[in-house]
1. Go through Thr201, Thr160, Thr165 for me and flag whichever is open to solvent by 30 Å² or more (accessible area, probe 1.4 Å), part of a helix (DSSP H, G or I) and not small (Gly, Ala, Ser).
2. So Ala348 ticks every box in (1) among the aliphatic types (A, V, I, L, M); (2) in contact with a Lys or Arg (Cβ under 6 Å, 6 or more places away or on another chain); (3) over 21 Å from Leu376 (Cα atoms) but one. Which box is left unticked?
3. Taking the stretch 388-429 on its own, how many of its residues are more than 30 Å from Asn344 (Cβ to Cβ), open to solvent by 60 Å² or more (accessible area, probe 1.4 Å) and outside any strand (DSSP E or B)?
4. Here are some residues: Asp278, Asp325. Which one is touching a Ser or Thr at 6+ places or on another chain (Cβ under 6 Å), loosely packed, with under 15 Cβ neighbours inside 10 Å and among the acidic types (Asp, Glu)?
5. Cβ-Cβ under 6 Å, sequence separation 6+ or interchain: first residue in the stretch 245-267 and without any contact (Cβ under 8 Å) to a residue 60 or more places away in the chain and closer than 23 Å to Gln28 by Cβ, partner open to solvent by 20 Å² or more (accessible area, probe 1.4 Å) and not in a strand (DSSP E or B). Which pairs?
6. Quickly run through the stretch 331-361 and pick out the residues that are of a type in the set (Asp, Glu), open to solvent by less than 50 Å² (accessible area, probe 1.4 Å) and either without any contact (Cβ under 8 Å) to a residue 40 or more places away in the chain or in a loop (DSSP other than H, G, I, E, B) (or both).
7. Is there any pair linking a residue in the stretch 76-92 that is open to solvent by less than 70 Å² (accessible area, probe 1.4 Å) and part of a loop (DSSP other than H, G, I, E, B) to one that is basic (Lys, Arg) and at pLDDT below 95, with Cβ under 7 Å and at least six apart or on different chains, and which?
8. Return the residue satisfying two criteria in turn: it lies in the stretch 285-322 and is part of a loop (DSSP other than H, G, I, E, B) and over 27 Å from Gln142 (Cβ atoms), and of such residues it is most open to solvent (accessible area, probe 1.4 Å).
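The values are calculated or read from the model by the stated rules, or taken from the named source; none is laboratory data. Please read these numbers as outputs of a predicted model, since none were measured by experiment. When we count neighbours, we look across all protein chains shown, and the Cβ atoms used for this are built from the backbone with ideal geometry, even at glycine. Side chains included, ligands, DNA and RNA excluded: accessible areas come from the protein's heavy atoms. Shrake-Rupley method; radii C 1.70, N 1.55, O 1.52, S 1.80 Å.
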Amino acid sequence: MKKTLTGAALAALAATGAQAGGLDRSGQSVSAIFDEAGTARLSFGYVMPSITGEDTGGGGGDYDVGENYVQPGLSYTNAVKGGFNYAIILDKPYGADVSYDDDPTTSNLGGTMADLNSQALTFVGRYAINERFSVFAGLGVQSVDAEVTLNGNAYANAITTGAITSQFNAGLPSGAPELDSGVLGAALGGDTGAQGTIDGTYGPGTFATLAGSFAPTRGAFVAGDGYDFEMEKTNRPTYLLGAAYKIPSIAMRIAGTYRFETEHKADTTETLFGTTTDGEVEYVTPQSFNLEAQTGIAPGTLLTLGYRWTEFSAVDLVPEALGSDLVDLEDSHRYTLGIGRQFNEKLAGSASISYEPTNDNETVSPLGPTDGLFGLSLGARYNDGPMSLSGGVNYTWLGDADAGVADQAVAEFEDNHAVGVGLQVAFTF
């Protein structure tokens with residue numbers, strides 16, 4: 001009976017990741033380690049984001065940048081002698097599917113896109129110290145690959161300004177103050193004070209020389225279809241540690257899982273100003289902490305609580321030719337609250353809410369143009385002997401945000417949402 005009820009609280013699992021913080025997709029739960037011995041789970045989620053915005057440049061139109069994606073999952077749990085059991089978990093922890101399908105010559109972000117994929121295979125071993133306390137650890141392998149294109153008027157201006165600034169600073173004598181790209185950008189935008197600062201620091205006529213190189217350099221960016229970045233797949237080991245406490249008589253369990261930061265080094269290909277450059281990039285996938293809790297609150301009723309912190313601010317992806325961060329995300333904090341109700345020996349249902357607070361930044365990355373969320377998930381589970389079938393649906397309201405380039409708002413995103421549907425089948429052999 002408790003098995004059916006616990007499953008009900010997780011019935012919408014395959015659908016609840018409709019839109020998580022940063023690049024989060026699966027939530028990296030290790031709850032499979034608590035399954036009955038000999039249990040295999042297969043889940044399938046399909047997420048349909050609606051992320052629409054309006055170009056603030058005047059010439060561009062509306063954007064619809066959210067791409068549908070699939071979220072699969074697989075796990076197998078079994079036991080060995082002496083209080084040990086283990087789980088093998090396959091998931092897709094991170095991802096991005098964003099595309100600005102608009103004319104890059106008349107809009108701020110037209111032609112910009114991001115396609116990031118990941119897979120992870122993790123082995124988790126758990127040791128029960130006694131009936132209530134247990135500890136667990138995991139070792140896995142994680143793969144990541146990505147392709148990003150930056151295009152449109154906003155990136156043409158910002159990247160061109162950055163390239164001119166970098167070239168100018170490279171020619172300065174040792175010890176000379178370097179020119180800031182923000183100052184040059186302001187000067188090119190007509191700020192006479194910034195123009196005077198440049199000429200006063202580097203000599204009369206310096207700004208005119210820099211301004212003269214802007215048009216041909218920008219033309220090379222546009223003619224070269226903007227900036228394109230491709231990162232080859234890498235495979236790196238991952239590690240986790242955790243502990244759990246439970247009181248079986250009331251179906252209570254509290255589990256905390258810490259995942260270590262994973263270092264990657266990948267081969268890259270960049271195309272900028274019509275020139276293709278092969279190189280390498282070093283980055284990390286973030287450390288995170290999951291707290292998952294459940295307890296019976298009445299006969300046939302289970303309460304669930306969850307918290308996930310992910311340090312996305314540590315994910316700096318700085319390609320050699322571009323010289324700036326492609327990710328630029330804040331840390332993610334996700335809270336969940338749910339309730340499961342058992343209707344009879346075979347059927348149970350669940351409902352849960354999820355919440356991520358806004359970061360309240362003036363602008364966000366165009367590759368993730370939302371800020372905060374509130375989601376509702378409904379699910380049901382049918383149990384018939386060794387097999388159980390779960391299904392769920394999620395609706396998430398996505399927070400409004402201004403997408404920015406070089407800290408300047410270039411597109412407004414409001415009143416957006418995502419819908420996710422999921423199925424999960426489990427067998428106990």
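1. Details: Thr160 fails: open to solvent by 30 Å² or more (accessible area, probe 1.4 Å); Thr165 fails: open to solvent by 30 Å² or more (accessible area, probe 1.4 Å).
Testing whether each residue is open to solvent by 30 Å² or more (accessible area, probe 1.4 Å), part of a helix (DSSP H, G or I) and not small (Gly, Ala, Ser) leaves just Thr201.
2. (3)
3. Going residue by residue through the stretch 388-429, those that are more than 30 Å from Asn344 (Cβ to Cβ) are 396-418.
Then keep just the ones that are open to solvent by 60 Å² or more (accessible area, probe 1.4 Å); that gives 397, 400, 406-408, 412, 414-415.
So of that shortlist, the ones also outside any strand (DSSP E or B) come out as 400, 406-407, 414-415.
Final tally of qualifying residues: 5.
4. Numbers: Asp325 fails: touching a Ser or Thr at 6+ places or on another chain (Cβ under 6 Å).
When all the criteria are applied, what remains is Asp278.
5. From the stretch 245-267, the pairs are Phe260/Gln287; Glu261/Gln287.
6. Initially, the stretch 331-361 is screened for residues of a type in the set (Asp, Glu), giving 331, 345, 356, 360.
Filter once more, keeping what is open to solvent by less than 50 Å² (accessible area, probe 1.4 Å): 331, 356.
Within the stretch 331-361, just Asp331 meets the criteria.
7. Lys92/Arg25
8. Step one: filter the stretch 285-322 for residues part of a loop (DSSP other than H, G, I, E, B), giving 286-287, 299-300, 311, 315-322.
Those still in the list that are over 27 Å from Gln142 (Cβ atoms) too: 299-300.
Numbers: Pro299: 120, Gly300: 19 Å².
My answer is Pro299.
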